[in-house]
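Some notes on the structure that comes next.
The values are calculated or read from the model by the stated rules, or taken from the named source; none is laboratory data. Nothing here was measured: the structure is a model prediction, and the numbers come from that model. Every residue, glycine as well, gets a Cβ built from its backbone with ideal geometry; the counts of neighbours run over all protein chains shown. Keep in mind that these areas ignore ligands, DNA and RNA; they rest on the heavy atoms of the full protein, side chains included. Shrake-Rupley method; radii C 1.70, N 1.55, O 1.52, S 1.80 Å.
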Amino acid sequence: MSLLEVEELRTGYGALPVLQGISFNVEEGQTAVIFGLNGAGKTTTVNCLAGVLPTWSGEVRFDGKRISGKDAPGIVKAGIALSPEGRRVWPGLSVLKNLELGAWVRKDQKAIGETVEQVFGYFPRLEERKDQMAGTLSGGEQQMLAIGRAIMCKPRLLMIDEASLGLSPKLAQTVFQVVSQINDDGTTVIIVEQNVGVLPYADQALIMEKGALTFDGRGEELERSGELRKTYLGEAAAE
Amino acid sequence: MSAVLLTAPQQMQPLALEFVVPVVSGLIQGSVYGLLGLGLVLLYKSGRIFNFAQAEIGTFSALFAAFADQGTGPFPDLPVPVAILIGLLTGVGLGLLVERVVIRPLFSAPKVTVVVATAGVLLLLVALGGFLSGPEPRSAVQIFEGDFLETSSLRVTDTGALVVVVLAVLAVLSALFFSRTRTGTAIIAVSQEPTATRLVGISVERTSALTWGIAGLLGAIAGILLSGTVGVVFPGSLTFIALVPAFTAAVLGGVTALPGAFVGGVVVGMIESFAQTNIPKDVLPGSGKVVLFVALLAVLLLRPAGLLGKET
Ligand SMILES: Nc1ncnc2c1ncn2[C@@H]1O[C@H](COP(=O)(O)OP(=O)(O)O)[C@@H](O)[C@H]1O
Ligand SMILES: [Mg+2]
């Protein structure tokens, strides 16, 4: 059994359908990357999985249990966290407060200090700025904070939407390395990316186009097939 | 307003007349504004909403407390503490009802729509109050009947003193609520970034209901105390007497700073009472309110973040 099983998932905005019934699985312990051009439906997918968008039809199972239909708090409690597109930190709260709020659903509130230390281990930059208002952080630091906040609830599945958007190639690599470390430490990861620099870290690669999946395979497979790379990532890679 | 009375102005020292009386009366009156301002600040801080109905929620609470106190309508004649409890519950209930019926359906609407909707709630409450209570002023519940301080020149009622103490305590408590409690932090989190707040597992709906429940309670406390100092309550009374000064207090104090509502309220009360004492009626009628408007404009122009506020 896969950790995440998505079956014929459909959703959209108002009356406008976006996901045309997508199906995929993610195995425990892996890193899956969802590629696709702007407007392909990547954000819609992860937002729906995270419970911020309602599921129209289809089913999502996590660890064998049905989670589609749960709201966002229910999904977090089930063990899935999302670092959303556009970072979305709380600008008027300190870095530390941002992290602590990430642990909202945890029952062991006494132990969240340890997880904060763990996040500081991944992102030393955040520790230096822990009392600073999140709104005054640089784009890269806010990205680190959004990821750090998402792992504060100790999720089994971490989803990151557009981790590298607006970051320098060097900073993007740093973020990818940390994510790979988080993965090594036992968390299953789904990354939404337009940057092919993430490919070396991908166990599984998915490509979305117009609300449908057009590729689902091993990361190396996608890397080898230069054709796919040109077709789907040509423009994005050139950005 | 009868919270402070000049008993024998002829015998007083000019200095006392010019300073002590307006200071004391400004402090008490200003505390009432501050109390009402506290609810306004809470709702502004949590959702960037200016609630036009805040004072009228207070009026309603004071009306229901008066009903219960006098045994009118559905109520038997109840003892004062029970009447006050009924008034407070009315405020909480109204806060929750407004949130559920008006605010929540407008979650993703522009703020301006929501603010206009609260003005609609105000009009509805005034009309409903008229239906339930009639247009005649009704005597308000008195918590205390005595005088806290009485000298030849100055009289402070117990209710007047209570208002100052209650405002100070509530301003401190609500500031602590925001800085120290999980729920307080959740309210701030919703106001700054609702999506992220949902994503960490906080229910935005529950937080919103809670905020309006507390705002309703603050409105009820302000309403019952203010109508106590005035002596009567009637539909629209608190909106008419206190909404604009309370708004000025909130803006002066920095509209997101809770202790600011306290400072702002007291400053507004003092400005008003100094203007009333020192500018003769024939020179400028209603000088207190006019000077207040000038002060509000000045703050909006010179320091829009208020005295204690931060630009966020
Ligand atoms: N809030 C919204 N309301 C209406 N349509 C939306 C909304 N967000 C996204 N869409 C539409 O859904 C489609 C997929 O968008 P999205 O999931 O954001 O794509 P991606 O993340 O792959 O760039 C696009 O056509 C976009 O215009
Ligand atoms: Mg996107």
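Pairing the Cα long axis of helix B:182-192 with the longest principal axis of chain B, what angle in degrees results, from 0 to 90 and rounded to the nearest 10?
The angle comes out at about 80 degrees.
Would you please give the residues with an amide H less than 5 Å from that of A:I160, counting only those at least 5 places away or on a separate chain, with H modeled from the backbone geometry?
A:S83, A:I190, A:I191, A:V192
Excluding B:V156 itself, what net charge comes from residues whose Cβ is under 14 Å from its Cβ, given Lys and Arg +1 and Asp and Glu -1?
On the way: positive: B:R155; negative: B:E145, B:D147, B:E150, B:D158.
Residues close to B:V156 contribute a combined charge of -3.
Sorting check: for A:104-114, B:194-204, which peptide has the highest mean count of neighbouring beta carbons within 10 Å, and how do the rest follow? Can you show the working numbers first?
Values: A:104-114: 13.2, B:194-204: 22.3.
Descending mean neighbour count gives B:194-204, A:104-114.
Would you please give the residues with an amide H less than 5 Å from that of A:V18, counting only those at least 5 places away or on a separate chain, with H modeled from the backbone geometry?
Those lying under 5 Å, H to H, from A:V18 are A:T11, A:G12, A:Y13.
For B:Q142, what is the net charge nearby, where nearby means another residue's Cβ is under 10 Å from its Cβ and Lys, Arg count +1, Asp, Glu -1? Could you put the intermediate results ahead of the total?
Numbers: positive: none; negative: B:D69, B:E145, B:D158.
Here the charged neighbours net out to -3.
Highest mean first, how do B:276-285, B:85-94 rank when packing is the count of other Cβ atoms within 10 Å averaged over residues? Let's see the in-between values first.
On the way: B:276-285: 12.0, B:85-94: 21.5.
Answer by packing, highest mean first, reads B:85-94, B:276-285.
Using a probe radius of 1.4 Å on heavy atoms only, what accessible surface per residue do you get for chain A? Whole Å² is fine.
Accessible area per residue, chain A: 42 Å².
Taking the mean number of other Cβ atoms within 10 Å as a proxy for protection, how do you rank B:58-64, A:219-225, A:17-23 from highest to lowest?
Put in order of decreasing packing, that is B:58-64, A:17-23, A:219-225.
Quick one: grab the alpha carbon gyration tensor of chain B, order the square roots of its eigenvalues as a ≥ b ≥ c, and give me rounded if a/c is under 1.5, else prolate or oblate depending on whether a/b is larger than b/c. Each step should come with its number before you reach the end.
Numbers: a/c = 1.86, a/b = 1.32, b/c = 1.41.
Oblate.
Report, to the nearest whole %, how much of the accessible area of the protein assembly as shown belongs to carbon and sulfur atoms, 1.4 Å probe, protein only.
Working: 14470 of 23550 Å².
Result for the protein assembly as shown: 61 percent of the exposed heavy-atom area is carbon or sulfur.
What angle, in degrees between 0 and 90 and rounded to the nearest 10, separates the Cα long axis of helix B:287-302 from the longest principal axis of the Cα atoms of chain B?
Orientation of helix B:287-302: about 40 degrees from the principal axis.
Determine the dipole magnitude for the protein assembly as shown: charges of +1 sit on the beta-carbon of Lys and Arg, -1 on that of Asp and Glu, nothing else is charged, the reference point is the Cα centre, and the result goes in debye to the nearest 20.
Values: 40 positive and 46 negative charges, 78 e Å.
Dipole about the Cα centre, nearest 20: 380 debye.
Give me the extension gain from A:W56 to A:R224: residue separation times 0.36 nm, minus the current Cα-Cα distance, reported in nm with one decimal.
Values: separation 168, 0.36 × 168 = 60.48 nm, distance 3.58 nm.
Result: 56.9 nm gained on full extension.
Report the A-B buried area as the accessible area lost on both sides summed, probe 1.4 Å, in Å² to the nearest 100. Intermediate results must be reported in sequence, preceding the final value.
On the way: alone 10950 and 14320 Å², together 23550 Å².
Heavy-atom accessible area buried at this interface is about 1700 Å².
How far is helix B:80-98 tilted off the main Cα axis of chain B, in degrees rounded to 10, range 0 to 90?
Tilt relative to chain B: about 40 degrees.
Treating only the Cβ of Lys, Arg, Asp and Glu as charged (+1, +1, -1, -1), what charge dipole size does chain A show about its Cα centre? Round to the nearest 20 debye.
Working: 25 positive and 31 negative charges, 141 e Å.
Roughly 680 debye, rounded to the nearest 20.
Check A:T214: other-chain or 5+ apart residues with amide H under 5 Å from its amide H, H built from backbone geometry?
A:I207, A:M208, A:E209
Let me know the mean shielding of A:71-79 by other chains, meaning the per-residue number of their Cβ atoms within 10 Å of its Cβ.
Numbers: counts 5, 9, 9, 2, 3, 5, 1, 0, 0.
Mean partner shielding for this stretch: 4.
At a threshold of 8 angstrom on Cα-Cα distance, excluding pairs fewer than six apart, so keeping six or more, what relative contact order does chain B reach in percent?
34
Over region A:4-238, what is the relative contact order in percent, taking alpha-carbon pairs closer than 8 angstrom and at least six residues apart? Write out the running numbers ahead of the final one.
Numbers: 456 pairs, mean separation 64.3, N = 235.
Dividing the mean separation by the residue count of region A:4-238 yields 27 percent.
Before rounding to the nearest 500, sum -39500 (n - 2.57) across all DSSP H runs of length at least 4 in chain A and divide by the residue total; then give [θ] at 222 nm in deg cm²/dmol.
Numbers: 9 runs with 79 residues, N = 239.
It lands at -9000 deg cm²/dmol.
What's the average, rounded to a whole number, of partner chain beta-carbon atoms within 10 Å of each residue's beta-carbon in A:89-99?
On the way: counts 3, 10, 3, 8, 5, 0, 0, 0, 3, 5, 0.
Mean shielding by partner chains, rounded to a whole number: 3.
Could you give the distance between the Cα centres of region B:240-286 and region A:107-140, to the whole Å?
Comparing the Cα centres of region B:240-286 and region A:107-140, I get a distance of 43 Å.
Find how much the distance from B:V112 to B:K281 grows on full extension, using 0.36 nm per residue of separation minus their present alpha carbon separation; answer in nm with one decimal. Kindly include the intermediate steps, with their values, before the conclusion.
Values: separation 169, 0.36 × 169 = 60.84 nm, distance 3.77 nm.
Here the answer is 57.1 nm.
Cα gyration tensor of the protein assembly as shown, axes a ≥ b ≥ c as square roots of the eigenvalues: rounded (a/c below 1.5), prolate (a/b > b/c) or oblate?
On the way: a/c = 2.97, a/b = 2.36, b/c = 1.26.
Since a/c reaches 1.5 and a/b is larger than b/c, the shape of the protein assembly as shown is classed as prolate.
Using helices alone, what [θ] at 222 nm do you get for chain B, with -39,500 (n - 2.57) per DSSP H run of 4 or more residues, divided over all residues and rounded to the nearest 500? Let's see the in-between values first.
Values: 11 runs with 200 residues, N = 312.
It comes out at -21500 deg cm²/dmol, rounded to the nearest 500.
Could you derive backbone 3J(HN,Hα) for region A:60-74 from the dihedral phi with the Karplus parameters 6.51, -1.76 and 1.60 (θ = phi - 60°), listing whole Hz in sequence and x where the residue is Gly or Pro?
10, 10, 10, 6, x, 9, 5, 10, 5, x, 6, 7, 4, x, x
Averaged over peptide B:184-196, how many Cβ atoms belonging to another chain are found within 10 Å of each residue's Cβ?
Other-chain Cβ atoms within 10 Å of each residue's Cβ, averaged: 5.
Quick check: net charge around A:G58, other residues with Cβ under 10 Å of its Cβ, Lys/Arg +1 and Asp/Glu -1?
Working: positive: A:R10; negative: A:E7, A:E8, A:E59.
For residues surrounding A:G58, the net value is -2.
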